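Peer 1: Can you keep this structure in mind? I'll have questions shortly.
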Amino acid sequence: MRCPKCKNLDTKVIDSRIAEDGKSIRRRRECEKCESRFTTFERMEFVNFVVTKSTGEEELYDRSKVERSIEKAVYKRNVDHTAIETMINDLENEWAANKKGITSKRIGKDILRKLKDIDQVAYVRFASIYHNFEDVRQFADFIKSEFE
Ligand SMILES: [Zn+2]
């Protein structure tokens, strides 16, 4: 953020608050060179779409749910969290752009597909939740078909 007075690029934030519209952040900044103060408004991007659950119920997409389910799968795995963040961001853009609407099943399937490239153990863990295997045999068959 460039200082409007001296054009210096180094400014520090001295105060941040949510603006009245609830969708932007108002920041008070101070130039580190000339010490002049100015205000910026930064817009927050919301990803907003409806998800149809397997029961047929509809609900507003909730990123924290997706994050929690992935956290379980990557638990104690040495996984790059930036890669996970990027993965969710990319998928959210795909989902939000889908005019036909998104099902929770599709969300699970997409995460599964992407996780495979990031971490194979996390992928298998996520798959076991997603496919809801009835017994060890089903699970073993899945692993076999995926990795052999
Ligand atoms: Zn300045």
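The values are calculated or read from the model by the stated rules, or taken from the named source; none is laboratory data. All values derive from a computational prediction rather than experimental measurement. When we count neighbours, we look across all protein chains shown, and the Cβ atoms used for this are built from the backbone with ideal geometry, even at glycine.
Peer 1: I'd like to verify a number: residues in the range 45-72 that are out of contact with any Gly (no Cβ under 9 Å at 6 or more places or on another chain) and among the aliphatic types (A, V, I, L, M), how many? Outline the logic, then answer.
Peer 2: The first filter runs over the range 45-72 and keeps only residues out of contact with any Gly (no Cβ under 9 Å at 6 or more places or on another chain), leaving 45-48, 53-57, 59-68, 70-72.
Next, only the ones that are among the aliphatic types (A, V, I, L, M) stay: 47, 60, 66, 70.
Number of matching residues: 4.
Peer 1: Go through the range 73-91 residue by residue and tally those that are in contact with a helix residue (DSSP H, G or I) (Cβ under 7 Å, 6 or more places away or on another chain) and charged (D, E, K, R). Please lay out each step first, then the result.
Peer 2: Step one: of the range 73-91, the residues in contact with a helix residue (DSSP H, G or I) (Cβ under 7 Å, 6 or more places away or on another chain) are 73-74, 77, 79, 83-84, 87-88, 91.
Pick out the ones that are also charged (D, E, K, R) and you get 77.
Result for the range 73-91: 1.
Peer 1: Would you mention how many residues in the range 60-104 are within 15 Å of Asp119 (Cα to Cα) and among the hydroxyl-bearing types (Ser, Thr, Tyr)? First the steps, then the outcome.
Peer 2: Of the range 60-104, the ones within 15 Å of Asp119 (Cα to Cα) are 69-88.
If we keep only those that are among the hydroxyl-bearing types (Ser, Thr, Tyr) too, we end up with 69, 75, 82, 86.
Number satisfying all stated conditions: 4.
Peer 1: A further question follows. Using beta carbons and a limit of 7 Å, which pairs, at least six apart or on different chains, have the first residue in the range 35-50 and closer than 12 Å to Ile14 by Cα and the second one modelled with pLDDT under 85?
Peer 2: Thr40/Met1
Peer 1: Kindly indicate which of Val51, Val66, Val47 is out of contact with any Lys or Arg (no Cβ under 6 Å at 6 or more places or on another chain) and in a loop (DSSP other than H, G, I, E, B).
Peer 2: Values: Val51 fails: in a loop (DSSP other than H, G, I, E, B); Val66 fails: in a loop (DSSP other than H, G, I, E, B).
Among Val51, Val66, Val47, only Val47 is out of contact with any Lys or Arg (no Cβ under 6 Å at 6 or more places or on another chain) and in a loop (DSSP other than H, G, I, E, B).
Peer 1: Would you pick out the residues in the range 11-44 that are modelled with pLDDT of 90 or more and assigned to a loop (DSSP other than H, G, I, E, B)?
Peer 2: Glu32, Lys33, Cys34, Glu35, Ser36
Peer 1: How many residues are within 26 Å of the chain's Cα centre (by Cα) and either part of a loop (DSSP other than H, G, I, E, B) or touching a residue at least 12 places away in the same chain (Cβ under 8 Å) (or both) when one looks only at the range 129-145?
Peer 2: Filtering the range 129-145 down to residues within 26 Å of the chain's Cα centre (by Cα) leaves 129-132.
Going one step further and asking which of them are either part of a loop (DSSP other than H, G, I, E, B) or touching a residue at least 12 places away in the same chain (Cβ under 8 Å) (or both), we end up with 129-130, 132.
Number satisfying all stated conditions: 3.
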